[in-house]
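Let me begin by presenting the structure, written as structure tokens, before commenting on it.
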Amino acid sequence: MKILKNTAKVIPGLGASLIIAAIARLIESLLPVHIIGASVIALFLGMIINHFWKPDFLKAGIKFTSKKVLKFAIILLGASLSVRVIFSVGRLSLVVMVFNLLTCFGGGYFIGKALKLNWKLSNLISAGTGICGGSAIAAIAPVIDADDSDIAYAMSATFLFDMAMIVLFPVMGKMLGLDDMAYGLWAGTAVNDTSSVVAAGYAFSEGAGDFATMVKLTRTLSIIPTVLVFSLVNLRLKRKESLNTEYKKVRITKLFPWFILGFLALAAVNSMGFISADVSGIAKAVSKFLMVAALGAIGLNTSFKDMRKSGISPMIHGFIISALVVIVAIGVEWCMGLV
């Protein structure tokens, strides 16, 4: 009975997200020039709807679609990919990711000091920019005992610039004359949240979207060492302040993005030839549609008013860090001879 009750709560929001995805795909097909992809259209449709209509009965389904369905869509994408390609992407993107992380946390430290932000808020914004948006912020926040206000500011700052990147990245990529691989590596390492990487990637091309998603999955793994480092940093600061507080333990099982294992498992099965070309094509089509639905759900859960309440200093911090990451990522690619 409980399962049926929970399912009933999820269906309205899930259905609304799927309808938005269908409308977004229709609008995309009607555009004379492919500049904005269905992912971007779905995101903004959701935000516009949220501005005028916020029914409570959709909340459970919206949350389910933006979290669970997105992860399932990424797992399903593995059915059309090769393990050999995934690991080659990981090696290729490692250098760019290292430079981006150094830029975020190194540059973020000095920018936070200049803007007089507390170290927790500053590092939450840096983590969201350098790793994977809201997921990184949510993972690191309890480890450093961040206040709810810091979490809200960091989420808003990173998400605001993610939305700008979704629109600007495909345009900049075409202006720079990037091919699918170079653009996918750039978007996968410089755009923050997984959903935003998906949107920016597929807005450029299908090949770039596939590549950007694989790069982003590799980048997500850096959550684990980052959380462990911040746990040690916070512990040291607490001891230095001689405060008798109960420290929160870091549980790797809760931090590890397990959907990556499902993604790799399906890719392994496909690599061994157990999935036919027809099935692989269907899986990829379903995966892309579900990703669009997830972005529609994220839009339905995003308020223009809440974003305006975030203040100016965190926004400046987020803008500078995001701009630096974009420049550093494309610069490293140029040095590697990929641009």
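The values are calculated or read from the model by the stated rules, or taken from the named source; none is laboratory data. Keep in mind that this is a model prediction, so the values were computed, not measured. Methodologically, a virtual Cβ is constructed for each residue, glycine included, from the backbone with ideal geometry; neighbour enumeration extends over all protein chains shown.
Odds and ends about this structure:
- First in region 279-298 and closer than 17 Å to residue 213 by Cα and modelled with pLDDT of 90 or more, second anywhere and surrounded by 24 or more Cβ atoms within 10 Å (Cβ to Cβ) and of a type in the set (Ser, Thr, Tyr), Cβ under 8 Å, 6 or more apart: 293/17; 293/65
- Test result for residue 77, at pLDDT below 85, surrounded by 14 or more Cβ atoms within 10 Å (Cβ to Cβ) and within 23 Å of the chain's Cα centre (by Cα): yes
- Every residue from region 185-199 that is touching a residue at least 60 places away in the same chain (Cβ under 8 Å), under 15 Å from residue 70 (Cα atoms) and not charged (D, E, K, R): 194, 195, 196, 198, 199
- In region 46-63, the residues that are within 14 Å of residue 296 (Cβ to Cβ) reach residues that are small (Gly, Ala, Ser) and assigned to a helix (DSSP H, G or I) with C-beta atoms within less than 6 angstrom, at least six apart or across chains, in these pairs: 46/296; 46/299; 47/299; 58/13; 58/16; 61/13; 62/13; 62/297.
- Test result for residue 179, of a type in the set (Asp, Glu) and either touching a residue at least 40 places away in the same chain (Cβ under 8 Å) or out of contact with any helix residue (DSSP H, G or I) (no Cβ under 6 Å at 6 or more places or on another chain) (or both): yes
- Check on residue 155, hydrophobic (A, V, I, L, M, F, W, C), in contact with a Gly (Cβ under 6 Å, 6 or more places away or on another chain) and touching a residue at least 24 places away in the same chain (Cβ under 8 Å): yes
- Restricting region 105-134 to residues that are within 15 Å of residue 222 (Cβ to Cβ) and among the β-branched types (Val, Ile, Thr) leaves a set whose member that is surrounded by the fewest Cβ atoms within 10 Å (Cβ to Cβ) is 131.
- Close pairs (7 angstrom Cβ cut-off, 6 or more residues apart or separate chains): free of Cβ contacts under 8 Å to residues at least 60 places away in the same chain and farther than 14 Å from residue 299 by Cα in region 8-21, surrounded by 14 or more Cβ atoms within 10 Å (Cβ to Cβ) and among the aliphatic types (A, V, I, L, M) anywhere: 9/60; 10/60; 12/58
- Residue-level analysis places residue 213 among those that are buried (at least 24 other Cβ atoms within 10 Å of the Cβ) and either of a type outside the set (A, V, I, L, M) or touching an Asp or Glu at 6+ places or on another chain (Cβ under 9 Å) (or both).
- Listed by first and then second residue, the pairs with beta-carbon distance under 7 Å, at least 6 apart or on different chains, first residue in region 320-336 and in contact (Cβ under 8 Å) with a residue 24 or more places away in the chain and under 24 Å from residue 159 (Cα atoms), second in a helix (DSSP H, G or I) and hydroxyl-bearing (Ser, Thr, Tyr), are 321/126; 321/129; 322/129; 324/103; 325/103; 325/129; 328/103; 329/189.
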